[in-house]
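Notes for the one structure printed next.
All of the numbers you see were taken from the coordinates with simple rules; none came from a lab. Just so it is clear, the model here is predicted, and its values are computed rather than measured. With ideal geometry, Cβ positions are generated from the backbone for all residues, glycine too; neighbour counts draw on all protein chains shown.
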Amino acid sequence: MSRVLVFVEDDDGVVTETSLQALTMAATIGKVEAVSVGTSGMGGWQIEHAMLTDYAPAAIGEALAQLVGAEMPAAVMAAGTERGNEVMAHLGALLDLPLAANITRVVQSGEDWKLTRVRWGGSLLEECTLTAAVKLATVALHSVEAAPQGTASPITVFTPELTDAHIMTRVIERVTLTEGITLTTAPVVVSGGRGVGSPEGFGVLEELAGLIGGAVGCSRVVTNSGWRPHSDQVGQTGTRVAPNLYIACGISGAIQHWVGMMASKTVLAINTDAEAPMVTKADYAVIGDLHPILNAIVAEVKSRKGST
Amino acid sequence: MKTLVCVKRVPAPGARINLTPDEKAIDARHLSFTVSPHEECAVEEAIRLKEKHGGTVTVMTLGPADAEEQLRYALSVGADEAVLLATDGADWDPQATAAALTARIKEIEGSGAFDLILFGNESADSGGYQVGIRIAHALGRPVISGIKGLEVDDETVTARRETDSGSEVYRLSLPAVVAVKEGINLPRYPTLPGRLKAKKAEVISGPASASPGGLFMDRLFTPPEQKSVTNILGRGPEAAPAVVDLLEELGLM
């Protein structure tokens, strides 16, 4: 079986869910070897270099290019995260190879790969053919369920040759604003759209999110109106989320928003319009003005929590 | 400060995406066109840098002759010069797009290099996440993507990227390439004098130099609808107990 290197990302030495998804997709097309910078807990190739003290996309791309040159795998894959797409684009540029970003399916066809990849953030799909000596692709987030991984492989350390030029683009400062629950890790996202009506209108969304361990999100119209910071935006040009429950309050459900939260396991829509796309696509809906409904939900949550 | 912004003409999709009969493109007969949202912010950022530091803003696109419309939009909000690399409208893969843009940038830079080349993080339609990075490598310049804040001084650009829990900062020496994301600013609307000026401005047009890529689109299709039945829990505040039952069922209480 052909060898597929998979660049995996980790969170303090634990491989991320989206990288596990990439490993799962890669296993459908070849024999997988994980590649990480430092330890990922997965084993496999471990890139180590004294200069790689923090994330440095051009240097990691260069390291992968050197590893590809030494090992000549059939393909290199990564998760379609900000970093995954970035590192793989560096690799593609360095090796002058095509890169297929955000694939959802891969099938071998002779020497080529037949791929399905996402367009318009996922509201459209594309079937395409990838022709290259070494295939490069990233895996669209949440397009496959991560399969459980077996025991870690033995570690092989790979030390690339890097210069100051490679390392120039690297993180020089890190600012932590939120501790704990974030939009992408929250089990529940309480999200508001135009129907929330004002910045102050988000108060009850914040309260509900606080009560049930959730994060607050919003639609594009909300950030464009300056009601919430852009970092709260869910959608094609904002953050992709996949919580257990997505509560869409006063969000009509334009396709650009839907693609940012369609990986949610359960969707509850609260909307005055029973015909809104968000309502017709949701698993559950409550019809009516969102503020009295949310106030009633908050009161009900408090009373049940108080009684247990 | 000389800044170049690369943009792409894309349809502004409606609530439903319809495809052409050959399944190779979006049926745009009833749609208007725009530049990708990230690129709209890249144009705005370049104009703000010009307002702060002086200099010029050039805007460039590879696309059909109609892409002149998107260049004139950039001119109407303050860009000084517009360059069109004309294609027959076919879908160019990211490698071929980057090669053609690089060739044209090198020609233009005969009269002086751009200090900064801005891209949108990814195009709204094909979402390849790579044209800016390929061009940076071809020009031998540092590059950073996913940027939501940037500041320029004489020799460096300091760029901020949002992460899940905060942000991280990068500093690149100029000349550099930066791909920005929506949220870096709120783009301005064109003014009437801006529109009039843009209408009369010259767009420098020439053919794009074609080179083979390795990624070939076979067809487009819309993802199948996964479900159609919505369980209506109720109307108004009376539905609250049913909602909280659901929260309990999902283990969120």
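Data overview
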read-out: Residues with amide H under 5 Å from that of B:GLY149, placed H, sequence gap 5 or more; value: B:ARG160
read-out: Average partner coverage of A:210-220, which counts Cβ from other chains inside 10 Å; value: 1
read-out: Residues whose placed amide H lies under 5 Å from that of A:VAL267, excluding near-sequence neighbours; value: A:TYR246, A:ASP283, A:TYR284
read-out: Under 17 Å from the Cα of B:LYS199 - lysines, other chains or at least 8 residues apart; value: none
read-out: Cα long-axis angle, helix A:82-95 against chain A (0 to 90 degrees, to the nearest 10); value: 30 degrees
read-out: Neighbour-count order for A:HIS257, A:HIS49, B:HIS53, A:HIS166, fewest beta carbons within 10 angstrom listed first; value: B:HIS53, A:HIS49, A:HIS166, A:HIS257
read-out: Fewest-first sequence of A:PHE7, B:PHE33, A:PHE202 by Cβ atoms within 10 Å of each Cβ; value: B:PHE33, A:PHE202, A:PHE7
read-out: Number of partner chain Cβ atoms within 10 Å, mean per residue of A:168-179; value: 6
read-out: 3J(HN,Hα) from dihedral phi, the range B:4-11, Karplus parametrisation 6.51/-1.76/1.60, rounded to Hz, x for glycine, proline; value: 10, 10, 9, 10, 9, 6, 9, x
read-out: Karplus-derived HN-Hα couplings along the range B:159-167 (A = 6.51, B = -1.76, C = 1.60, θ = phi - 60°), whole Hz, x at Gly and Pro; value: 10, 10, 10, 7, 10, 3, 10, x, 8
read-out: Helical contribution to [θ] at 222 nm, DSSP H n ≥ 4, -39,500 (n - 2.57), averaged over chain A, rounded to 500; value: -8000 deg cm²/dmol
read-out: Amide H contacts under 5 Å for A:ARG119, placed H, 5+ residues apart; value: A:LEU124, A:LEU125, A:GLU126
read-out: Proximal charge balance of A:GLN46 [Cβ under 13 Å; K/R count +1, D/E count -1]; value: -3
read-out: Full-extension gain in nm, A:LEU177 to A:GLU48, via 0.36 nm per residue minus C-alpha separation; value: 43.5 nm
read-out: Alpha-carbon Rg with Dmax, taken over the range B:1-132, Å; value: 14.9, 49
read-out: For residues of B:143-155, the mean tally of beta carbons on other chains within 10 Å; value: 2
read-out: Hits among lysines - C-alpha to C-alpha of B:LYS24 under 24 Å, sequence gap 8 or more where chains match; value: A:LYS114, A:LYS135, B:LYS8
read-out: Ranked list, fewest to most other Cβ atoms within 10 Å of each Cβ, for B:LYS2, B:LYS52, B:LYS200, B:LYS181; value: B:LYS200, B:LYS52, B:LYS2, B:LYS181
read-out: Karplus (6.51, -1.76, 1.60) ³J(HN,Hα), θ = phi - 60°, over the range A:273-286, in Hz, Gly and Pro reported as x; value: 9, 5, 9, 4, x, 4, 5, 6, 8, 6, 6, 10, 8, 10
read-out: Qualifying lysines (Cα of each under 23 Å from Cα of A:LYS281; at least 8 residues distant if same chain); value: A:LYS265, B:LYS227
read-out: Cβ-Cβ FRET estimate between B:ASP245 and A:SER225, R0 fixed at 35 Å, reported to 0.05; value: 0.55
read-out: By average C-beta atoms within 10 angstrom, highest first, the peptides A:70-79, A:185-194, A:87-96; value: A:87-96, A:185-194, A:70-79
